[in-house]
Amino acid sequence: MTTPLPPPPPIRIAMPEPEAADPSSDFPGEVDMTLVDHLEELRNRVLRSLLAVVLGAAACLVFVKPLVKLLEVPAHGIRFLQLAPGEFLFVSIKVAGYAGLTLALPYVLYEVLAFVLPGLTRRERRLVAPAVAGSAVLFAAGLAFAWWALVPAALTFLVNYGADVVEPSWSIERYLDFVLLLMVATALAFQLPVLQLLLGALGLVKARTMLAAWRWVVVIAAIAGAVLTPSTDPVTMLLLSGAITALFLLGVALVALAERLKTSSAPRS
């Protein structure tokens, strides 16, 4: 009798182990899309953002009179005039538009992030949440600073300057243009520390380099204070330029702190 042959050993195929993904260059949300698909997605998100702004403005238009009265608070004792037929109607639409844009900003920011996040690396994604939170806080701080400091200071200077010569009776449209422009410009200027922190976190600029350019920053802050303040009075310009300089120094301190934390957390050889 012939003995049966033993079964052949199983064939093992050595599969190469997947390489460890580099967390600084991995794209966790990357989606393969054609250029036409990207443009279609961008169009849809822009339309939804515009619709949110329109709906916010329409909702604010219902309560526009209390909003206008609130904006008139810093102008104590000033008599406002309607100098043309329908002037207050156009002013109401303008105020509602600004308020609607402010209300819709969170949704607009969500649409922007939803569009750009798939193309960001893991390292860049970790910067999104702090940047968005800091930007929102600084935007609100800029509005509050303009409301409580810049607007009253500018109005006090402008009223007292010619109080013994002319009676202050202002156009409601010109006044609200002044207030809204000053508040929006100040809120945008308050985004400077967020921009500095992003540049520092991405390794594009060091804190020491930022601090070395402080003389240029003082000059640029003075120019920005002159350009951004619609009243061009020296009190408002000095307040705004001083705030921009202080924000720049705050941004330098945040970048230096981020560099120190990054150095202390790095593994030592």
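Alpha carbon centre of the stretch 143-220 versus the stretch 97-141: separation in Å?
22 Å
Tell me, what is the FRET efficiency for Ile93 and Ala144 to the nearest 0.05, using R0 = 22 angstrom and their Cβ-Cβ distance as r?
The calculated FRET efficiency here is 0.30.
Would you please give the residues with an amide H less than 5 Å from that of Thr121, counting only those at least 5 places away or on a separate chain, with H modeled from the backbone geometry?
none
For the stretch 141-190, what is the convex hull (Cα atoms) projected area averaged across all directions, in square nanometres? Mind dumping the intermediate values first?
Details: hull surface 13.8 nm².
That works out to 3.5 nm², a quarter of the Cα hull's surface.
Which of the three applies to the stretch 35-261, rounded, prolate or oblate, going by the alpha-carbon gyration tensor with a ≥ b ≥ c and a/c under 1.5 meaning rounded? Mind showing how you got there, number by number?
Working: a/c = 2.97, a/b = 1.29, b/c = 2.30.
Cα axes put the stretch 35-261 in the oblate bin.
Sort the stretch 42-145 into rounded, prolate or oblate with this rule: let a ≥ b ≥ c be the square roots of the eigenvalues of the Cα gyration tensor; rounded if a/c is under 1.5, and if a/c is not under 1.5, prolate when a/b is larger than b/c, oblate otherwise. The partial results should precede the final answer.
Values: a/c = 4.20, a/b = 1.92, b/c = 2.19.
Oblate.
Rank-order 111-122, 145-156 by packing density, defined as the average count of other C-beta atoms within 10 Å over each peptide's residues, highest first.
Working: 111-122: 14.4, 145-156: 19.8.
Ranking the peptides 111-122, 145-156 by packing returns 145-156, 111-122.
Hey, can you grab everything whose amide H is under 5 Å from the amide H of Leu81? Only 5+ residues off in sequence or another chain; H modelled, so Pro and N-termini drop out.
Trp170, Ser171, Ile172
Evaluate the distance, in nm, between pseudo-label points positioned 7 Å from the Cα of Leu250 and of Ile220 along their respective Cα→Cβ axes.
1.8 nm
Name the residue from Ile220, Ala246, Ala75 whose Cα lies farthest towards the positive end of the charge dipole of the stretch 35-261, charges +1 on Cβ of Lys and Arg and -1 on Cβ of Asp and Glu.
Toward the positive end, the furthest listed residue is Ala246.
³J(HN,Hα) across the stretch 42-56 via Karplus (A = 6.51, B = -1.76, C = 1.60, θ = phi - 60°), whole Hz, x for Gly/Pro?
4, 4, 5, 6, 5, 5, 5, 5, 5, 5, 5, 5, 5, 5, x
Along the charge dipole of the stretch 35-261, Cβ charges K/R +1 and D/E -1, which of Ala187, Pro234, Ala84 sits furthest on the positive end?
Projecting each Cα onto the dipole axis, the largest value belongs to Ala187.
Values in this text are rule-based calculations from the coordinates and carry no lab data. Note that the structure is predicted; figures quoted are calculated from it, not measured. Note that each Cβ is placed from the backbone with ideal geometry, even for glycine, and that neighbours are counted across all protein chains shown.
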